[in-house]
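Following: one structure in structure tokens, then a few remarks.
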Amino acid sequence: MKGYMGKILKVDLTTGDIRQENIPDEVYENFLSGVGLGVYYLHKHIPAGADPMGPENILGILSGLLTNTGSLMTGRWMAVCKSPLTGGWGDANCGGTLSPAIKQCGVDGIFFTGISPKPVYLYMDKEGAELRDASHLWGKDAVEAEEILQEECKTNKKPKVAVIGPAGEKLSLIAGIVNDAGRISARSGVGAVMGSKRLKAVVLQGSGKTGIADSAGMSAYSKEVATKVKNANLPKFFKGFLLPYMGMLMAKQKKVVAMDGMLAAMINKKFGTIAVNTLGMTNGDCPVKNWQGSVVDFKKRQYKKLNPDRILARETKKYHCASCVIGCGGMCDIRDVRDGRYAHTHKPEYETCSSFGCLLLNDDLEAIFYINEMLNRAGMDTISAGNAVAFAIECFENGILTEEDTGGLRLKWGNAEAVIALLEKMINREEGIGDILADGVKGAAERIGKGAERFAVHVGGQAPGMHDPKLDPLLGIHFSDPTPGRHTIGGAVYYNTMYLWKEVSWAPPVKKHPKSEEYIPSDREALKSIATTYYKMLTDGAGGCFFAMILGVDHWNLFKMLNLATGWNLSAEEYMGIGRRIQTARQLFNLKHGVDPRDFIIAGRIKGDPPLTGGPLKGITLAIEDMVRLTWKNCGWDENTGVPEDALIQELHLSELTE
Ligand code: SF4
């Protein structure tokens, strides 16, 4: 009755052995579930130096501690593994409806090791689990395969399915895992690891309940949260055309102030993440032309074609992940787009619009709809794919790639037809350029040579999320995380809505200080980033959504929900200690596998070296090394090397993982 199931499923794909393992209470008390249980388990069981695509790597698919407990916006799942993209800790977070199904099958997570001799899928219900032949699914796209499996495994209700598409099967290092016909756990190359194990899918048909300590209290709190979110609405007159003006105001902001997180809920309810399509152009958040341009290069007449109103015009209904009351997603009708191949699809998220919009100077929205569906079905990360295409275009522009290399494609900025043709080559891993780009820009630059690495924008091998840290330096610290380039840990703009200082004494309050101070390395900024990170680790351990987290503790209080579920009655600061343990364990995982944390500090164009020559972020270069150093110091990690100090390892009881 503590919110977790206390068990995991272990599947050895080499031998076919499947068994459940009990997990002691102390593990949940120290790490929660989700990312925390994931890092604990993988740390213990993946040997140092293991090949990420080999049998020793472990792929974990985990629910959150608060998932399926009656709490709200806690229905997200995590995929974890040793990342083939970065060589270190890999995690990827995803919405959809899979997460509760894991617990409804009686476990908190499923861990796959070994390599199956033939394509298989795992079927699991409350009675047990078995591996089934997936030969008939191999080669099918993720949406098609999900539909087949839902029909094949249907009982009185459709099962939940996590599946890889052709990108994962062909071991593209930028492949993800898909559920709900297009929600993708996209980062860290988790789909490549699943493909390397010849595991096509996981099919879950559960209906079990999750006991919690105080269900009446949870129900009352969920009602309170739901009512607040339901009543938070933008005025009817607020349309997408106003967003660039909002961005301009943000760009002119001289003082940092705390904001009510319900504003974020209002924007997400109406637009979803696509609000940033145009707002981010005028405040500088959107990276342009492979991170070397600005709104000067992708002007209003272009970016206004990506106005969220134009996307909402196609939205037929809002989409909610499990237990979500915001519903930032949307289903769209695109049967008339391009070749009419796709009909009903998920709305493209901001990250996709930006990766295939301003990053490539492409204003063809129809092409973006098409690409979004194409990549979701392929099971390929849209951020990494857009980043690879931008890299290729710049190589082409500089004569490093020629039409001979690209199979006749003229890779020009804004040439959507060429982009689609190139993506087809990447998805099919066609010999030559398709094969080279399918593993992301770091590997591509190494294979191409001729100085191509100048145009490869990445952090430790992973393409950064589509948000410019030169607008929000705290984001630059989060990009330098043990899972580098992740945009969903935090940033100053989010810290300002989270009000963590109300619950955590050491979290610095936001009190109208000059925006310019965010650019100066200081203990205050370091502590802001640390507080956000620890809270995010708790959120990822609980199955919470980033957009719930930024509602702030006044509106969505994770500490309170964790106590209602577990009955532990811990203080906020004690919970932050758990967040600290998870974050430190992620760093220790990287060190165990030979990753130097200094290699994950953002560099080059991302930090403003050289600085942009136009737009709101013109002339800015971040002192990111000093910022990260201060962050490491305040974490109890060596400020020069990023190695957690022995005293901290003892304090956090992590010696078990370092022995
Ligand atoms: S806010 Fe969006 S991403 Fe978060 S749980 Fe709801 S629908 Fe999913």
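The values are calculated or read from the model by the stated rules, or taken from the named source; none is laboratory data. Just so it is clear, the structure is predicted and the values come from calculations on it, not from any experiment. Counting neighbours? That spans all protein chains shown, and the Cβs are built from the backbone with ideal geometry, glycine included.
Structural remarks
- Conditions (1) surrounded by fewer than 20 Cβ atoms within 10 Å (Cβ to Cβ); (2) at pLDDT 95 or above; (3) on the phi > 0 side of the Ramachandran plot; number of the one not met by ARG338: (2)
- LEU279 closer than 26 Å to ASP472 by Cα and either over 27 Å from the mean Cα position of the chain (by Cα) or in a helix (DSSP H, G or I) (or both): yes
- Test set (1) modelled with pLDDT of 95 or more; (2) within 25 Å of the chain's Cα centre (by Cα); (3) over 19 Å from GLY386 (Cβ atoms) - PRO348 fails condition number: (3)
- Pairs, first hydrophobic (A, V, I, L, M, F, W, C) in segment 591-602, second modelled with pLDDT under 95, C-beta under 9 Å, six or more apart: LEU591/THR658
- Set side by side, the residues GLY432, GLY440 differ, and just one is over 21 Å from the mean Cα position of the chain (by Cα), assigned by TED's automatic domain parsing to the domain that holds LEU365, within 26 Å of ILE371 (Cα to Cα) and of a type outside the set (Val, Ile, Thr), which is GLY432.
- Filter result (of a type in the set (A, V, I, L, M, F, W, C) and in a loop (DSSP other than H, G, I, E, B)) within segment 448-494: ALA456, VAL457, ALA463, MET466, LEU471, ILE489
- Checklist (1) under 25 Å from the mean Cα position of the chain (by Cα); (2) surrounded by 23 or more Cβ atoms within 10 Å (Cβ to Cβ) applied to GLU424, failing item: (2)
- Taken over segment 532-566, the criterion of being part of a helix (DSSP H, G or I) and within 12 Å of the ligand (Cβ to nearest atom) is satisfied by THR539, PHE546, PHE547, ALA548, MET549.
- Residue list for segment 319-343, restricted to those being more than 8 Å from the ligand (Cβ to nearest atom) and assigned to a loop (DSSP other than H, G, I, E, B): ILE334, ARG335, ASP336, VAL337, ARG338, ASP339, GLY340, ARG341, TYR342, ALA343
- Pair list, Cβ under 6 Å, 6 or more apart: segment 110-130 residue at negative phi, other residue assigned to a strand (DSSP E or B) and of a type in the set (S, T, N, Q): ASP125/GLN205
- Of all residues in segment 337-357, those being polar (S, T, N, Q) and over 30 Å from GLN292 (Cα atoms) number 1.
- Taken as a whole, the condition of being among the polar types (S, T, N, Q), within 16 Å of the ligand (Cβ to nearest atom) and part of a helix (DSSP H, G or I) applies to ASN372.
- Residue in segment 415-425 that is within 20 Å of LEU612 (Cβ to Cβ) and touching a helix residue (DSSP H, G or I) at 6+ places or on another chain (Cβ under 6 Å) present: no
- The number of residues in segment 590-612 that are within 19 Å of the chain's Cα centre (by Cα) and either assigned to a helix (DSSP H, G or I) or among the acidic types (Asp, Glu) (or both) comes to 3.
- Restricting attention to segment 427-451, the residues that are in contact with a helix residue (DSSP H, G or I) (Cβ under 7 Å, 6 or more places away or on another chain) and either at pLDDT below 95 or surrounded by 15 or more Cβ atoms within 10 Å (Cβ to Cβ) (or both) total 13.
- Test: residue in segment 344-355 that is more than 16 Å from the ligand (Cβ to nearest atom) and under 21 Å from GLY280 (Cβ atoms): yes
- All of (1) farther than 16 Å from ASN268 by Cα; (2) at pLDDT 95 or above hold for CYS321 with one exception: (1).
- Checked against (1) within 16 Å of the ligand (Cβ to nearest atom); (2) over 30 Å from LYS607 (Cα atoms); (3) not in a loop (DSSP other than H, G, I, E, B), ASP309 meets all criteria but (1).
- Taking first residues from segment 615-636 that are within 21 Å of GLY284 (Cα to Cα) and partners that are at pLDDT below 95, the Cβ contacts under 6 Å between residues at least 6 apart in sequence or on separate chains come to PRO616/ALA251.
- Test: SER222 is within 16 Å of the ligand (Cβ to nearest atom), among the hydroxyl-bearing types (Ser, Thr, Tyr) and either at positive phi or not assigned by TED's automatic domain parsing to the domain that holds LEU72 (or both): yes
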